[in-house]
1. Grab the Cα-Cα distance for K203 and D162, subtract it from 0.36 nm times how many residues apart they are, and report the gain in nm with one decimal.
2. Quick one: plug the Kirkwood hydrodynamic radius of the range 44-184 (C-alpha pairs) into Stokes-Einstein at 37 °C, 0.692 mPa s, and report D in µm²/s.
3. Pick out which of L234, L215, L80 has the largest mean-square fluctuation in a Gaussian network model of the chain, springs linking Cα atoms closer than 10 Å.
4. Using only alpha carbon pairs under 8 Å that are at least six residues apart, calculate the relative contact order of the chain and give it in whole percent.
5. How about the range 73-181: which trypsin sites (Lys or Arg not before Pro) there are in a DSSP loop, with at most 16 other Cβ atoms within 10 Å of their Cβ?
6. Only bridges with both residues in the chain count here: give the DSSP antiparallel percent, nearest 5.
7. So, R0 is 22 Å and r is the distance between the beta-carbons of A67 and C108; what FRET efficiency does that work out to, to 0.05?
8. Which FRET efficiency, nearest 0.05, do D47 and R125 yield, Cβ-Cβ r, R0 41 Å?
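The values are calculated or read from the model by the stated rules, or taken from the named source; none is laboratory data. Note that the coordinates shown come from a computational prediction; the quantities given were computed from them, not determined experimentally. Here the Cβ is made from the backbone with ideal geometry for all residues, glycine too, and neighbour counts use every protein chain on show. The area values use the complete protein model at the heavy-atom level, side chains included, leaving out ligands, DNA and RNA. Shrake-Rupley method; radii C 1.70, N 1.55, O 1.52, S 1.80 Å.
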Amino acid sequence: MPTAFITGATAGIGAAFARRLASDGFDLVLLARDTERLERAADGLRDRYGVRAETLTADLSTEAGLAAAEERARKDVDLLVNNAGFGNKGVFLDVPVSDEITMLKVHCEAVLRLTHAALPGMLERGRGGIVNVSSVAAFATRGTYGASKAWVVNFSQGVNADIRGRSRGRVRVMALCPGFTHTEFHQRANMDMSGLPGFMWLKDDDVVDAALRDLRRGAQLSVPGAQYKAIVGLSRLVPRGLVARLSSDTGRHYD
């Protein structure tokens, strides 16, 4: 069976990837910080789908956690989903700089290092894929969060271009850019989302379906949902200053 390695695997989009890939017959390597929750998730997937579900407790904001994740990513991983991430509780000057640096380690350094660890084996075997979870915030103005997600998009597209000749299209790197999705993300960041219209919400399972479909067809960028495809397309046409004014407060109200 092929093996998928998913970071941030116990909730939201990461958990949805785990369910879908297990149902497709993938064995799993699940990474998260909470050992008890991680083991419960793995047990449930083993029982329901009959797959192997290996667990790795690691904090990707630490050197020890990153090193452990890198070591596992080098071993027979057919699909890597770099999903781990979070939002800080407040806008830039209200957030301790240490928390902003932690975000960059998880959103950027971890993505770079795990991609670098997994790709050589995929290229040697002549197959594989990497999904780096970004956000539509990459195309807006959202402080450190948006900047880190913009980096994920550019990094993923650059790496995909770099390996194209060596992989002959059989190894792919794609950035996934979902919009507002029903997960624990906003609750953890103490964001009040009550004012967001219902049509702007995505389901995590639908996000995963779109991502895997786009990965199979060789897309470098996946933006699930017609409403978000339109928003991303418009953001490329509208002056950056106007984008900044429109995006700075949308959906971001802290308790």
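1. Extra length available between K203 and D162 comes to 11.5 nm.
2. Answer from the Stokes-Einstein relation: 203 µm²/s.
3. Highest fluctuation among the options: L234.
4. It rounds to 18 percent for the chain.
5. Qualifying residues, ordered by number: R74, K75, K89, R127, R168, R170.
6. For the chain, the DSSP antiparallel bridge percentage is about 5.
7. Step by step, r from the Cβ atoms, then E = 0.85.
8. After rounding, the FRET efficiency stands at 0.85.
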